[in-house]
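*Asks:* A single structure is presented below for examination.
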Amino acid sequence: MLSKIISYVLLGISTFILAFLALTLVINRYAPTPDVKDFNTQQEMFGQYKYNRASRGGSATWVDNTLIFCGAGAFSFYPCLGHTGDLVRGASVVVKFVKLKTMRRDIPMAMSIKSMDREVFVQTPTQVISAWRIDNMIWFSCFSLSFAALAVGFTYIFRTGAKN
């Protein structure tokens, strides 16, 4: 009995590691972690700030008609609403941003947001890269854990189902 438990645990661990490594290699090929060089070509945008506060993570922030983000990873991106919540709709803002590639699309990542000579939000390339890596590790771990659980579950079902 103990040997069966150990074999299932080892199967789960090895499946998790293999899935995690596969995700890391494949995803980093198509949406690599940004490099410091990616932040050399910052653009600046002037416009009116507006936002949409929605449920279940559907919030968004715009400058004129451009959707802007303050955080991202290979699979996800996050609006600036948490950082710009004290700005009123229609406020004049200046946004410095860079274009970053995610799995879904290229997104404008805000590096700084100013309103009336007041710095509302600012982040460094190092902070963006660190947040990107952390977000990827969370997603890769969740996917890998799910895959490992499915592998162990199906293995258990097929092993015990064959005996009946």
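*Asks:* With a Cα-only, solvent-free Debye model of segment 24-164, what are the log10 I(q)/I(0) values at q = 0.12, 0.14, 0.18, 0.19 Å⁻¹?
*Replies:* -0.56, -0.70, -1.01, -1.09
*Asks:* Return one number: the angle in degrees, 0 to 90 and rounded to the nearest 10, between the long axis of the Cα atoms of helix 2-30 and the longest principal axis of the Cα atoms of the chain.
*Replies:* That helix lies at roughly 30 degrees to the long axis.
*Asks:* May I ask for the angle, rounded to the nearest 10°, between helix 125-163 and the longest principal axis of the chain, with both axes built from Cα atoms and the value confined to 0 to 90°?
*Replies:* 20
*Asks:* Turning to a different aspect of this structure: What dipole magnitude, in Debye to the nearest 20, does the chain give about its Cα centre under +1 on Lys/Arg Cβ and -1 on Asp/Glu Cβ? Could the numbers behind the result be given before it?
*Replies:* Working: 17 positive and 9 negative charges, 122 e Å.
With only Lys, Arg, Asp and Glu charged at Cβ, the dipole is about 580 debye.
*Asks:* With viscosity set to 0.692 mPa s at 37 °C, what whole-number translational diffusion coefficient in µm²/s follows for segment 26-91 from Stokes-Einstein and a Kirkwood radius over Cα pairs?
*Replies:* On the way: Rh = 13.6 Å.
For the chosen part, D equals 241 µm²/s.
*Asks:* Where in segment 11-42 is the amide nitrogen less than 19 Å from a point lying 7 Å along the Cα-to-Cβ axis of Leu145?
*Replies:* Under 19 Å, as judged by backbone N against the label point of Leu145, lie 11-24 of segment 11-42.
*Asks:* Identify all lysines with a Cα-Cα distance to Lys4 below 26 Å; exclude those on the same chain that are fewer than 8 residues away in sequence.
*Replies:* Candidates past the 8-residue exclusion: Lys163.
*Asks:* Leaving ligands, DNA and RNA out of it, report the carbon-plus-sulfur percent of the accessible area of the chain at a 1.4 Å probe. Could the numbers behind the result be given before it?
*Replies:* On the way: 6410 of 10220 Å².
That fraction is 63 percent.
*Asks:* With loop defined by DSSP as not H, G, I, E or B, and exposure as at most 16 other Cβ atoms within 10 Å, which is the longest segment of the chain clear of exposed trypsin sites (Lys or Arg not before Pro)?
*Replies:* On the way: sites that count: Arg53, Arg56, Arg89, Arg104, Arg105.
The longest uninterrupted stretch comes out as 106-164.
*Asks:* Can you list the chymotrypsin sites (Phe, Trp or Tyr not before Pro) in segment 72-164 that are in a DSSP coil and have 14 or fewer other beta carbons within 10 angstrom?
*Replies:* Working: sites: Phe75, Phe77, Phe97, Phe121, Trp132, Trp139, Phe140, Phe143, Phe147, Phe154, Tyr156, Phe158; in loops: Phe75.
Within segment 72-164, no chymotrypsin sites (Phe, Trp or Tyr not before Pro) qualify (loop, at most 14 other Cβ atoms within 10 Å).
*Asks:* Turning to a different aspect of this structure: Put +1 on the Cβ of every Lys and Arg and -1 on every Asp and Glu Cβ in the chain; which of Ser76, Gln48, Trp132 then has its Cα farthest towards the positive end of the dipole?
*Replies:* Value: Ser76.
*Asks:* Any chance you could check the Cα centroid distance between segment 122-162 and segment 66-105 for me, in angstrom?
*Replies:* 25
*Asks:* Averaged over all directions, how much area does the convex hull of the C-alpha atoms of segment 83-164 cover when projected, in nm²?
*Replies:* 8.6
*Asks:* Give the cysteines in the chain for which no other Cys Cβ lies under 4.7 Å away, or write none if there are none.
*Replies:* Cys142
The values are calculated or read from the model by the stated rules, or taken from the named source; none is laboratory data. Quick caveat: nothing in here was measured; it's all calculated off a predicted structure. Using ideal geometry, Cβ is built from the backbone for each residue, glycine included, and neighbour counts are taken over all protein chains shown. With ligands, DNA and RNA removed, areas are computed over all heavy atoms of the protein, side chains included. Shrake-Rupley method; radii C 1.70, N 1.55, O 1.52, S 1.80 Å.
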